[in-house]
1. Just need log10 I(q)/I(0) for segment 197-273 at q = 0.21, 0.22, 0.25, 0.26 Å⁻¹, Debye formula, equal scatterers on the alpha-carbon atoms, no solvent, rounded to two decimals.
2. Could you run the Debye sum over the Cα atoms of segment 272-342, one equal point scatterer each and no solvent, and tell me log10 of I(q)/I(0) at q = 0.21, 0.24, 0.28 Å⁻¹, two decimals?
3. Please report, to one decimal in angstroms, the Kirkwood hydrodynamic radius of segment 227-328 built from all distinct Cα-Cα pairs.
4. Output needed: percent of Cα pairs per 10 Å distance bin for segment 116-218, bins running from 0 to the one holding the longest distance.
5. Taking only the alpha carbons of the chain, what extent do you get along each of the three principal axes, in Å, biggest first?
6. Please list, or write none, the lysines whose alpha carbon is within less than 26 Å of the alpha carbon of Lys188, excluding same-chain residues fewer than 8 places away.
7. Among the lysines, which fall within straight-line cross-link reach of Lys122, defined as a Cα-Cα distance under 22 Å, with same-chain neighbours fewer than 8 residues apart omitted?
8. Could I get the Rg over Rh figure for segment 180-232? Both from C-alpha atoms, Rh via Kirkwood, rounded to two places.
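The values are calculated or read from the model by the stated rules, or taken from the named source; none is laboratory data. Predicted, not measured: the structure shown is a model, and the values here were computed from it. Accessible surface is based on the protein model in full, side chains and every heavy atom, while ligands, DNA and RNA are left aside. Shrake-Rupley method; radii C 1.70, N 1.55, O 1.52, S 1.80 Å.
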Amino acid sequence: MKLAGAEANRFLAKPAPQASGFLIYGADPMRVAMKRQQAVAAIVGPQGEAEMRLTRISAADLRRDPALLMDAVKAQGFFPGPRVALVEDVGDGLAPVIGAALADWRAGDAQIIVTAGLLAAKSALRKLFETHPNAPAIALYDDPPSQSEIEDELRRAGLAAIDPGAMKDLVALSRDLDPGDFRQTVEKIGLYKWGDPSPLTGEEVAACAPATVEAEVDDVLHATAEGRRRDVGALMRRLEGQGVTPVTLAIRALQHFRALHAAASDPGGPAAGIARMRPPVFGPRRDRMLRQAQGLGSDRLEQALALIVETDLTLRSTSKAPGMALVERMLLRLAGLADARR
C-alpha cells in the first residue's frame, strides 16, 4: 500500500497501531526527518526514548549484523507501552532483512519504521512496502505544506487563534522557506505568543519571520518611495557610518523599485502583484509597499528604474564622482518623483 498527500499526513500524525511498520521516503532529508520524528512521537509518546521503547538502528549497523532488527522487534522492555524499531537511511540492499522482520511480525512486537531517500519506482524497498498488506510506503514530495498542515504545526506550537491575514502570510512564507526553517519560525512564533490569547496577526508573523534585509536599508528605501526627502539625508549618514557601500544601496534600490514596478504593472492590480512577490512580503512592510506602488504608478516607476540603472552604471565605471553622494542624489530625485505624485 502506498500513501501520499493528505492520507499520508493523517497516517503519520496517528499511525495505525495494528500496522507492522511503514516506510517513509523522499528526496528532502529534512522532510523525511520531520515526519519520522512526528510518527515516532505519536507511537511512543514524549517519554518513549527515555523509557527505552525506541530502538535506533543505522543502516550500516544492520548490514554488519542483520539480527539487530529482529532482536529489537521481539525484545520486551521494562516499561509498558508501544515500541518502535527505527532503521534510518536504508537502501535496497537491506530489503530482504527488513522483509524477513515484517514477515515474522506479530501483534505486540515493536513497529518497524524505515526511512530512506529518493527511491526509484522499481526499488526493491518500495516494492516490499507497497505490496505489503500491513506496512504502507509513505512518499514525501517537495510540495509546500497545505493550510491544514500549517494549522497542525501552529497547534503543536500552542497557537489556536489565527487572524485570516496572518494565515495567508504563513502560507506564503511556507512556500519560500525549507521545511526545517519554516518549522523553526512557527516555534519562534509560539514562543513569541506564549501566554497571549489574542489572535496571531500579520504584524507578528512579520516580526518573527527570518530577516532577509537590513532594516536600515529598508528605512531609506521606504522614505524614498514615500517622498520623504527630509529623511533621506539623515538615513544616508547613518548607513554611511555603518559601512554600507554605494553599490549595495544601488542594488537594493533597484530590487525595491523593480518589485514596486512589477506590482504596479500586475494585471490583477498592485495588491495581486504584491501577493506574488518572492520572497513574500509581510505585515506592515507589505502594506507600505502596496501604498508606494499605488502612489507612484507604473509610468513613474519606469522613470525611477531608468535613473537607478544610470546611477549604478556610473558607480561601476571609472568615474571619480563620490559614490555615496551619487546615490544620495539618486534617492532624492526618486523621492521627488514620489512627492510630486502626492
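1. At q = 0.21, 0.22, 0.25, 0.26 Å⁻¹ the computed log10 ratios are -1.06, -1.10, -1.18, -1.20.
2. -0.96, -1.05, -1.16
3. Values: mean 1/r = 0.0681 Å⁻¹.
About 14.7 Å, per the Kirkwood formula over Cα pairs.
4. Bins of 10 Å from zero give 13, 37, 22, 17, 10, 1 percent of pairs.
5. Its Cα atoms span 79, 49, 40 Å along the three principal axes.
6. Candidates past the 8-residue exclusion: Lys14, Lys35, Lys168.
7. Of all the lysines, those that pass the test against Lys122 - Cα under 22 Å, at least 8 places apart if same chain - are Lys2.
8. 1.15
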